[in-house]
Structure formats: C-alpha cells, structure tokens
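The values are calculated or read from the model by the stated rules, or taken from the named source; none is laboratory data. Since we're looking at a predicted model, the values are computed, not measured. Neighbour counts run over all protein chains shown; Cβ positions are idealised from the backbone, glycine included.
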Amino acid sequence: ELEPVGSGAQRGMLTLREVLDRHRGSMVFGRDRLRNESFLRFVLPLAPAAEAAEAVVESAVPLYQDGRPEFYDFDLFQTRPFQGEHDDEPLAALAYTVFDTETTGLNPSQGDQILQIGATRIVNGRLLRGESFEQLIDPGRDISAANTAVHGITNEMVRGQPRIAEVLPAFHAFAQGTVLVAHNAAFDMKFLQLQEQATGLVFDQPVLDTLLLAIVAQPQQASHRLEALTERFGIAVEGRHTALADAKATAELLLRLIPLLEAQGIRTLGQARAAAQQTYLARLKY
C-alpha cells in the first residue's frame, strides 16, 4: 500500500494509497473461506451517468472551473530535433521564453484556435518584466459565451486582429534561442504544432513543463494546477486567464521550482527533462 505503483521494473512516484486517496477510493482485504482464497478489492466511486457526462462535455464550462484540463499525450521528450542541445547547462543559467495561450476551446485537433499568445523572458535567473509578447488573434470562428466567461475575450475584441499566420512569425522570433516553458505544455504546444504546415514555422527548441516539474519537486501535493501552485508559492497573479498574466505567473513558478529541483540534484536542463519524463503523468497516453 505504501510502495510506489508501477509496471514491471518501472516505478512511479505515487503510492497505491495516494492513488486511492486521489480517487476517493478504499482497499478491502478479505478471505473466501469456502474456496480457501484471499482477495483484494478496490472500491471506487461510481462515474457520473452517461447523460450527465455528455452534458459536461457539451457545455465545457465545468472543465474550466479549476483551470484547463491536463494534457499529457505529447512527444516533447522523444522527437525534439535539437538532440540534447543545452542539456548540460545549469537551469539557473538558461534563457527561457515562458508563454501561455488562450483558445476558443480545448480541442486543437478538432478546429479550436488560438485567441491570444502571451510570453515573457527569464535570463540568468531573473524575470525580465520589460520584455514581453502579447497579441490577440482573430481565430476565424466564433468564440462561445462559455469560453468568453473564462478568459474574457469576446468576438468584438478579436475582430480586426491579425490571424495566426501573421502572429506566429513574431512569436517565433521572440522565442528564438531560448528554452520554451509552459504550464501543461502539451496543450499549448499542440496548437503551435498544428500550425507548422501552414506557416512553415517549427518550434524545435527544448521544452519544459512546469506542471511536470512541480510534480517532481512536490510529488505529495494533491494539485499541481497553476491556480493551486501560485497560491501555494504566494505568487500574485494579475489578470488571471489572460495569456500574459498566466505566462508571468508560470515564469515566477519556474523560478521557485528551480531551487527545489536543485535540492534534489536536478541542476541541468537534461536532468530536468529526464525527471519530467519519468513522472507518472508524463507517461500517460490519451
């Protein structure tokens, strides 16, 4: 019960007890006297009825109430073409572009588009507040009232704004030569990757995900959402759910995570990438 769960020789960072607690479950030991057999039973709460689940998916509002869902199905570790460049450099000495996106919805592969990109820079362990990137984008489709309720971006606000093909070259230039950082990076990177064919722009630099790094640094915490982490670390967030505000909050979070990672012997980019890759959540596929 207190041993890390895993498969074969691989072991995760969560114990069986932590997994059960996370899902509000319990474990029951018993014995069938007639068969002279022992058994182990896991008791978990019932999932919502199908009708209720469909209503949640259709409205999309509950998905946002505690922040966007966490996405883990991405190839940031295996297929980045930089092939380990900068892996030996200390985390505290790297230049980072920390960014966030606001979008029309949660399904980039089904036509959702970027509404806003916000980014800031970290150089030599310092957040450069004067160096930022922020741009609204016309998505070429309507923004639902449910999404506007989350990020405050309306159809009127994006009318007349540049399209993504005009904005990405500027953001690509802003991020050039730096390590990309985002919270729940799979979500944001998927939107960028889907634009590669249309724009010819590839964001091929190393990527760090503060969601996974937070799990490495504080594996026992119940939540690693950006909202929970900023509160836990005392990070002030102005304009929550704007891309630039969330990017700045993520940058502050990274600066607080680096000393915690260093205390675990994770001092270089390569070590951070390897540690993130080994987290339980990074191995999930959806």
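A few points about this structure:
- Residues in region 137-145 include none that are in contact (Cβ under 8 Å) with a residue 40 or more places away in the chain and either over 26 Å from Val237 (Cα atoms) or surrounded by 21 or more Cβ atoms within 10 Å (Cβ to Cβ) (or both).
- A single entry from Ala275, Ala186, Ala222 fulfils the requirement of being of a type in the set (A, V, I, L, M), closer than 23 Å to Glu85 by Cβ, modelled with pLDDT under 90 and in the same structural domain as Pro108 (by TED's automatic domain parsing): Ala186.
- Only helices (runs of 4 or more DSSP H) whose full extent lies in region 148-259 are considered here, and the ones with at least 1 residues that are touching a helix residue (DSSP H, G or I) at 6+ places or on another chain (Cβ under 7 Å) and buried (at least 23 other Cβ atoms within 10 Å of the Cβ) are 164-175, 210-217, 226-232.
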